[in-house]
Amino acid sequence: MNKNIVIVGSGLTGLRAATLLTAQGITCKVLEARDRVGGRVLSTSVPIKPDLGKFDLGPSWFWPQYESSISELVKELNVGTFVQYTQGAMLFERFPNEAPERHVLPENSNATSMRFKEGVKSLIDALADTLPPGIVELNTKVMSIQQEQAGAVTVEAEEADGKRKIYLADAVILALPPRIVARHIHFSPSLPPDLLFDLINKPTWMAGQAKAVAVYDRPFWRDAGLSGFVSSRIGPLQEIHDASPDTGTGALFGFFGIPAKMRHELGKDNLLKLVKDQFVRLFGPAAENTKAILYKDWAEDSETAVEEDLEPLRDFPKYGTPPKAGIWEKKIIFAGTETSSQFGGHLEGALQSAEQAVFELVNWNNS
Ligand SMILES: Cc1cc2nc3c(=O)[nH]c(=O)nc-3n(C[C@H](O)[C@H](O)[C@H](O)COP(=O)(O)OP(=O)(O)OC[C@H]3O[C@@H](n4cnc5c(N)ncnc54)[C@H](O)[C@@H]3O)c2cc1C
């Protein structure tokens, strides 16, 4: 197949689509707005102390019992993983000014979740390393996609210095959150109204969330028979887990119960003070001695979140393939985790959406 495919976005979806196309000898370019690959996957180390290990500020887990694409990819790329630590009791913070309740959960009450030794970014890096050089263009933000009368498609992108660049494409894989497509990319001619409505109404998974990771010398809570898992009605973190890497360093991470707008008003310093107070309240004075507290608010990241994502989600969103694209049929394909009906929101959904997009694209051209 002698076609030019442009992939918008170098998250797990975009990179996987690129490897699948490349493996079939199909030429593609991946255009990425950020100065890094990975999208919502972000693994970082403590500045000036990289030996402490890698900490995930985006996704942490996959579930091999249910998720076949990611399990196979991890094996194929030989990426190091380990089982999430869950031994011991969990804590439940029900009322302010009362000691947290301690509960021992029944064994095997949850499916085994796996973590990556070097953070989830190690999967992204291993995948990106399989691509020939020059396929991914960073700092290249797609602004508009245009279809000429003869059917030719041009993709216009803005580089970091504000310069515009044009790419010619036979087809475009949109490997980014549907809401970002609807709010940030101009289509000429326009996308059908029912399609646009669907895109706006597909919340980007975790876009309104923030994560804090407290790093310690060692996982001291395990000595007290605690797993590090906490459910809290007090906050600011509503769900906490052990995030220790397998280096011997300790770490706890939590998701916030405070909505995005309130987090913004409180400011990072105040929030992190409240986070530390909560860890001390839960795990005792040893929790005071943090090596660092890492923080990432995804709601403030314009490549992930739009205005609509600032409202907290009430239910798990309904994900799946968007409606027909009208005049854009066989010119654009929607991919990205939010387009996966079975695993929407998860890394597995990103991979399955990439597999589906490439399958469709190859079949258009065979039909
Ligand atoms: C805090 C958090 C915790 C999570 N926890 C888990 C977990 O434990 N397990 C799990 O399975 N999943 C989890 N997820 C979800 C998981 O991260 C996503 O399912 C997955 O990373 C989505 O990949 P994607 O490629 O579809 O989208 P993205 O990663 O969002 O990639 C889209 C890419 O498009 C780029 N882009 C945006 N606009 C433009 C533009 N105009 N031009 C060019 N490029 C553009 C972005 O910069 C980005 O690189 C979590 C997510 C978050 C944020």
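Could you compute the net charge surrounding residue 127? Neighbours are other residues with a C-beta less than 12 Å from the C-beta of residue 127; K and R count +1, D and E count -1.
Values: positive: 16, 121; negative: 76, 125, 129.
Net of charged neighbours comes to -1.
Contact order normalised by length for the range 209-321, with contacts defined as Cα pairs under 8 Å and 6 or more residues apart; what percent is it? Walk me through the numbers on the way to the answer.
Values: 172 pairs, mean separation 36.7, N = 113.
The value is 32 percent.
Compute the angle between helix 347-366 and the longest alpha-carbon principal axis of the chain, please, reported from 0 to 90 degrees and rounded to the nearest 10.
Helix 347-366 sits at roughly 10 degrees to that axis.
If I fit a long axis through the Cα atoms of helix 68-77 and take the longest principal axis of the Cα atoms of the chain, what angle between them do I get, 0 to 90°, rounded to 10?
90
How big is the convex hull of the Cα atoms of the range 115-248, per residue, in Å³?
Numbers: hull volume 25.3 nm³, N = 134.
With only Cα atoms used, the range 115-248 gives 189 Å³ per residue.
In nm, to one decimal, how far is the modelled label at residue 105 from the one at residue 154, with both set 7 Å along Cα→Cβ?
Here the modelled spin labels are 5.4 nm apart.
Given H placed on each backbone N at 1.01 Å, which residues far from residue 38 in sequence or on other chains put an amide H within less than 5 Å of it?
10, 11
Going through the cross-link list 141/261; 75/163; 163/324; 75/165, which pairs have a Cα-Cα distance over 30 Å in this structure? It would help to have the intermediate numbers written out before the result.
On the way: 141/261 26 Å; 75/163 41 Å; 163/324 33 Å; 75/165 38 Å.
Pairs exceeding the cut-off: 75/163; 163/324; 75/165.
Explain nothing, just the number: relative contact order of the chain, from Cα pairs under 8 Å at least 6 residues apart, as a whole percent. Write down the numbers at each step before the final one.
On the way: 778 pairs, mean separation 76.8, N = 367.
Computed over the chain, the figure is 21 percent.
Starting from the Kirkwood radius over alpha-carbon pairs of the range 73-148, derive D by Stokes-Einstein at 25 °C in a medium of 0.890 mPa s and give it in µm² s⁻¹. Provide the component values of the computation, followed by the final result.
Working: Rh = 17.4 Å.
For the chosen part, D equals 141 µm²/s.
Among 265, 338, rank each residue by its count of other Cβ atoms within 10 Å, from fewest to most, as a rough exposure measure.
Details: 265 10, 338 29.
By the 10 Å Cβ count, ascending, the order reads 265, 338.
Along the positive direction of the dipole of the chain (beta-carbon charges: Lys, Arg +1; Asp, Glu -1; about the Cα centre), which of 240, 272, 11 reaches farthest?
Farthest towards the positive pole: 272.
Determine which aspartates and glutamates satisfy two conditions relative to residue 202: a Cα distance under 14 Å, and not lying fewer than 8 residues away in the same chain.
Excluding near neighbours in sequence, the set is 194, 307, 308, 309, 311, 315, 338.
Please give the per residue volume of the convex hull enclosing the alpha carbon atoms of the chain, rounded to a whole number of Å³.
147
Report Rg/Rh for the range 208-360, rounded to two decimals, where Rg is the Cα radius of gyration and Rh the Kirkwood radius.
A ratio of 1.08.
Between the range 131-158 and the range 253-274, what's the alpha-carbon centroid distance in Å?
So the two Cα centres are separated by 37 Å.
Sort 115, 34 so that the residue with the fewest other Cβ atoms within 10 Å of its own Cβ comes first and the one with the most comes last. Working shown, then result.
Numbers: 115 25, 34 18.
In increasing order of surrounding Cβ atoms, one gets 34, 115.
Hey, what number do you get for the chain at 222 nm if only DSSP H runs of n ≥ 4 count, each worth -39500 (n - 2.57), divided across all residues, to the nearest 500? Mind dumping the intermediate values first?
Values: 8 runs with 89 residues, N = 367.
Per the formula, -7500 deg cm²/dmol.
How far is helix 12-23 tilted off the main Cα axis of the chain, in degrees rounded to 10, range 0 to 90?
50
With no solvent and one point on each alpha carbon, what is the Debye value of log10 I(q)/I(0) for the range 80-121 at q = 0.24, 0.26, 0.28, 0.34 Å⁻¹?
Here log10 of I(q) over I(0) equals -0.84, -0.89, -0.95, -1.15.
For a paramagnetic label modelled at 7 Å from the Cα of residue 310 toward its Cβ, which residues of the range 170-186 fall within the zone defined by backbone nitrogen distances under 18 Å?
It comes to 179-180, 183-184, nothing else.
Any idea what the relative contact order of the range 104-203 is, in percent, if you count C-alpha pairs under 8 Å spaced at least 6 apart? Provide the component values of the computation, followed by the final result.
Numbers: 88 pairs, mean separation 19.6, N = 100.
Reported as a whole number, the value is 20 percent.
Pop a pseudo-label 7 angstrom from the Cα along the beta-carbon direction at both residue 288 and residue 342 and give the gap in nm to one decimal.
5.2
No lab work stands behind these numbers, since they all come straight from the coordinates. Nothing here was measured: the structure is a model prediction, and the numbers come from that model. Methodologically, a virtual Cβ is constructed for each residue, glycine included, from the backbone with ideal geometry; neighbour enumeration extends over all protein chains shown.
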